[in-house]
Amino acid sequence: MKELVGKHIVLGLTGGIACYKTAQLCRLLIQAGATVQVVMTEAATRFITPVTMQALSGRPVFVGQWDARPDNNMAHINLSREADAIVIAPCSADFAARLAQGRADELLSLLCLARPQGLPLLLAPAMNREMWAHPATQRNFAQAAQDGALVLEVGEGAQACGEFGDGRMLEPHELLHDIAASFVPKHLAGQQVLITAGPTFEALDPVRGITNHSSGKMGFAIASAAQAAGAQVTLVAGPVHLPTPRGVRRINVQSAREMLAAVQAEVDQATVFIATAAVADWRPAEFSTQKIKKDGSGQVPSLAFVENPDILATVAQSERAQRGALYCVGFAAESHDLLHNASAKRARKQVPLLVGNIGPATFGQDDNTLLLIDAEGSYALPRASKTELGHALVAEIARRLPTQVAA
Ligand code: CTP
């Protein structure tokens, strides 16, 4: 998670039981390469001590507006001038009301009010479900958003009060993701991105089938990067053991034909289609509803195969893709002659951008190198983690979007 390296985060805690989660968030931010300055309201110190937050952040915590430690006695100015973002987690209903009114009678709301224009302010609401649903609370958060704050989602689930519903603070790893994503340039704002990922599984009988070694990591990384870049992302995933990237809608499929059907059901809404899936080229000509048994004769069954539909070629030849309303990106997994084979594949599948990689060198790995081929020529993205390559590729795609597709 490169976005947080070297970032300085002012982490504000207000009164709420979710303060215990913020201790973990503080650790995660530091592990991700950020420095953290904790500021707490008096109410927050009832839930977790400044000692705990000081130990975790490695810096003295600020609580009071009249703290005499800064030479100029202006903690509210100094703290926000050094920050790359202010994150309020938990953000109580009371604190949202204070922000909405522009109050400045305690350090945390004072420093939010005095923050330089353009300094991101992220709010992670945390409260009982009735408080969250109350029109006054909704009004206050809406006002804070209108005044420039980014209001993060709330989680749903069991609450400390024993009730169940909306209003829980997001989990620390979800907050970490959203804070990191807030630093990603919104290259794909307004775009609807549809991505295929992973292998397909072509069943032979109820217990066997053919598949391949694709792990889905590259496609999932692109989905995550596209979401962070502001797109609405739908991910059609073959059988892989990967968690769904935050904020991404996932549709699970098994076979190539299921993948095609899922893509066709979604593609009319898409403005960008990225085919990273390693679709099985063939499937068994027949599916046996019962397990194929050895008959003891030593005879092996002879298997016949039929060709699967080519999902990328089907989409790329659609009317919307042909007139430029849908931008298609293909992948090529080759074992040799990457430039030659990938260029030929780009022409054959009629896609504006084809991304080549060496299949055996990438399947299952956490890093990769990519060769981008478009009408202008070829361009290499050097070896990097799939997460970083996902972000780089998203920026490259955004740069190439024709004006009909660009939001
Ligand atoms: N693809 C697809 N449907 C298929 C086969 C491939 O959508 N039935 C897509 C892949 O997701 C990828 C691109 O087409 O974006 C190229 O896939 P690849 O497996 O490299 O190429 P093939 O078309 O299968 O050609 P070959 O196996 O001969 O290299």
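The values are calculated or read from the model by the stated rules, or taken from the named source; none is laboratory data. Not measured: the values here are computed from a predicted model. Reconstructed Cβ throughout: ideal geometry from the backbone, glycine too, with neighbour counts over all protein chains shown.
Scanning the stretch 386-405 for residues that are surrounded by 14 or more Cβ atoms within 10 Å (Cβ to Cβ) and either of a type in the set (Phe, Trp, Tyr) or without any contact (Cβ under 8 Å) to a residue 60 or more places away in the chain (or both) yields Ala392, Glu396. Against the list (1) closer than 30 Å to Leu372 by Cα; (2) without any contact (Cβ under 8 Å) to a residue 40 or more places away in the chain; (3) exposed (fewer than 14 other Cβ atoms within 10 Å of the Cβ), the condition Asp268 fails is (2). Scanning the stretch 354-371 for residues that are within 13 Å of the ligand (Cβ to nearest atom) and crowded, with 20+ Cβ neighbours inside 10 Å yields Leu354, Val355, Gly356, Asn357, Thr362, Leu370. Which members of the stretch 282-315 meet the condition of being among the hydrophobic types (A, V, I, L, M, F, W, C), in contact (Cβ under 8 Å) with a residue 24 or more places away in the chain, surrounded by 11 or more Cβ atoms within 10 Å (Cβ to Cβ) and within 16 Å of the ligand (Cβ to nearest atom)? Listed by number, the residues that qualify are Trp282, Ile311, Leu312, Ala313, Val315. Every condition in (1) aliphatic (A, V, I, L, M); (2) farther than 14 Å from Val279 by Cβ; (3) modelled with pLDDT of 95 or more is met by Ile292 except one, and the failing one is (3).
Among residues belonging to the stretch 324-344 that are in a loop (DSSP other than H, G, I, E, B) and without any contact (Cβ under 8 Å) to a residue 60 or more places away in the chain, point out the one that is nearest to the chain's Cα centre (by Cα).
If we filter the stretch 324-344 for residues that are in a loop (DSSP other than H, G, I, E, B), which is where we start, we get 324-326, 335-337.
Okay, now just the ones that are also without any contact (Cβ under 8 Å) to a residue 60 or more places away in the chain, so 335-337.
Details: Ser335: 30, His336: 32, Asp337: 33 Å.
Going through the qualifying residues, I end up with Ser335.
Checking each residue in the stretch 41-78 for being part of a loop (DSSP other than H, G, I, E, B) and touching a Gly at 6+ places or on another chain (Cβ under 7 Å) picks out Thr41, Ala43, Phe47. Only one of the numbered conditions (1) part of a loop (DSSP other than H, G, I, E, B); (2) out of contact with any Asp or Glu (no Cβ under 9 Å at 6 or more places or on another chain) is violated by Ala262, and that is (1).
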